[in-house]
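Enquirer: Following this message is one structure expressed as structure tokens.
Bear in mind these aren't lab numbers, they're just calculated from the coordinates by the rules spelled out. Keep in mind it's a predicted model, so treat the numbers as computed, not measured. FYI the Cβ positions are ideal-geometry reconstructions off the backbone, even for glycines, and counts take in every protein chain you see.
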Amino acid sequence: MAINKLNPYIMFNGTADKALKFYEKALGAKIEGLMRFGDVKEVPSKPEDKTRVMHALVRLDAGEFMVSDAMPGKNEPTESNMHVCLNFDNVDDMTRKFDALSAGGKITGPLQDTFWGAKFGTLTDQFSVNWMFNCELKKG
């Protein structure tokens, strides 16, 4: 059987709700299937954990990723060698979203023309998620 889809799943330590709101604004993301720990009776949770995000699907045009807070009482590492790569077909749109997503974070590689014929840049957002932005430049 072949793999038919690959979805990054980003884990947070109680900040998933803030991250989702930020991604809606910065990237124009659509949030679907938002479920909180308090929504699931089979998963016991303390009152302070009931609003934590258990699962959400984040749609970005043709792409998607999923988001969750760590299980109550557990922490996820906040540093990683993973990057979520966003491929664009419009440099202006990419630049706007790069600037918006970098707010409160750190640009690790500014947007610039590359040897492979694209404009490319990297950043770590305010939630410690690493992102790559890539837009193939039109030839000719």
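Enquirer: Counting other beta carbons within 10 Å of each Cβ, put E42, E24 in order, fewest first.
Expert: If I rank by nearby Cβ atoms, fewest first, I get E42, E24.
Enquirer: Here is a further query. Work out from phi, with θ = phi - 60° and the Karplus expression 6.51 cos²θ - 1.76 cosθ + 1.60, the ³J(HN,Hα) of each residue of the stretch 77-84, listed in order in whole Hz, and give x for Gly and Pro.
Expert: With the stated coefficients, the stretch 77-84 comes to x, 9, 10, 7, 8, 7, 10, 8 Hz.
Enquirer: Moving to a separate point now. Between K30 and D113, what is the spin-label point distance in nm, taking each point 7 Å from the Cα along the Cα→C-beta axis?
Expert: According to this spin-label approximation, the distance is 3.6 nm.
Enquirer: What ranking do L27, L123, L60, L6 get, fewest neighbouring Cβ atoms within 10 angstrom at the top?
Expert: Going from sparsest to densest Cβ surroundings: L6, L60, L27, L123.
Enquirer: Additional query: Can you find, among Y23, L123, I107, the residue sitting farthest towards the positive end of the charge dipole of the chain, where Lys and Arg contribute +1 and Asp and Glu -1 at Cβ?
Expert: Farthest towards the positive end: Y23.
Enquirer: Then there is this: Rounded to the nearest 0.05, what FRET efficiency do D89 and Y9 have when you use their Cβ-Cβ distance and R0 = 35 Å?
Expert: With a Förster radius of 35 Å, E is 0.85.
Enquirer: Given the -39500 (n - 2.57) contribution per DSSP H run of 4+ residues, what per-residue ellipticity at 222 nm results for the chain, rounded to the nearest 500 deg cm²/dmol?
Expert: After summing the helix terms and dividing by residue count, I get -5500 deg cm²/dmol.
Enquirer: How much length is gained on full extension from L60 to E48, taking 0.36 nm per residue of separation minus their Cα-Cα distance?
Expert: Computed gain between L60 and E48 is 1.3 nm.
Enquirer: Say R0 is 22 Å: what FRET efficiency, to the nearest 0.05, do D99 and L137 get from their beta-carbon distance?
Expert: The pair D99/L137 has a calculated efficiency of 0.70.
Enquirer: Please name whichever of I3, P72, A62 sits farthest to the positive end of the charge dipole of the stretch 1-125, dipole taken about the Cα centre and charges placed at Cβ: Lys and Arg +1, Asp and Glu -1.
Expert: With unit charges placed on the Cβ atoms, the residue in question is P72.
Enquirer: Fewest Cβ neighbours within 10 Å first, please rank C135, C85 accordingly.
Expert: C85, C135
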